[in-house]
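No lab work stands behind these numbers, since they all come straight from the coordinates. Since the structure is predicted, the reported quantities are computational estimates derived from the model, not experimental observations. Here Cβ is always computed from backbone atoms with ideal geometry, including for glycine, and neighbour counts include all displayed protein chains.
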């Protein structure tokens, strides 16, 4: 799913992969791997109850696995969530995004994030539950933020936007916060065309573009805090002789 400059949307489906099994759960006669069944069981439970209320025993029971199986694959429910986020990343990155090379970075990022929402669609109830838990549990929100930032680094890369170094990390953090705002709109958007969601994403990316411009200006003003930028030195500059004195 993407937005063209005309405002229309095109569909793109992720290529079949192990990631899509973890994203959507086992289907058909194939039961899926134990790991995929555990992730699918966790998502099903998350759609029914809060993150904090989900226990390992019920995950194992729903997955048709043993506690030993669950422990062998994951050491916490947060790790299960992180594995699902990684599967979403892989499905987005493996999708057929079409030719977006002529589009602006903002358009490419819009396309990438809408594809992410398309893939998340079967798990909207689970996302709603997770957002609700994060709002009332600051430590959980902080942990979830770490997972989100890692994902958004990959989304930036998919859109051809630099995500390396401290500046890239700041971009990913900002995008994680902006995307969380979009998710709050998306979980309540029942329109098949996702008009409200698309409008919210467009607005938030506009704010993000302004933040990115501010960040670039800041890095130019304070080059030592931006390792990716080299300070220009005049010819004959001597580090020891010409460095400003410090107290």
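Kindly state which helices (runs of 4 or more DSSP H) lie completely within segment 95-188 and contain at least 2 residues that are in contact (Cβ under 8 Å) with a residue 40 or more places away in the chain, crowded, with 21+ Cβ neighbours inside 10 Å and within 14 Å of the chain's Cα centre (by Cα).
It comes to 105-120, 138-158, 165-186.
Residue by residue through segment 45-57, note down the ones that are without any contact (Cβ under 8 Å) to a residue 40 or more places away in the chain and surrounded by 15 or more Cβ atoms within 10 Å (Cβ to Cβ).
45, 54, 56
Take the residues in segment 189-204 that are more than 14 Å from the chain's Cα centre (by Cα) and touching a residue at least 60 places away in the same chain (Cβ under 8 Å); name whichever of them is nearest to residue 128 (Cα to Cα).
197
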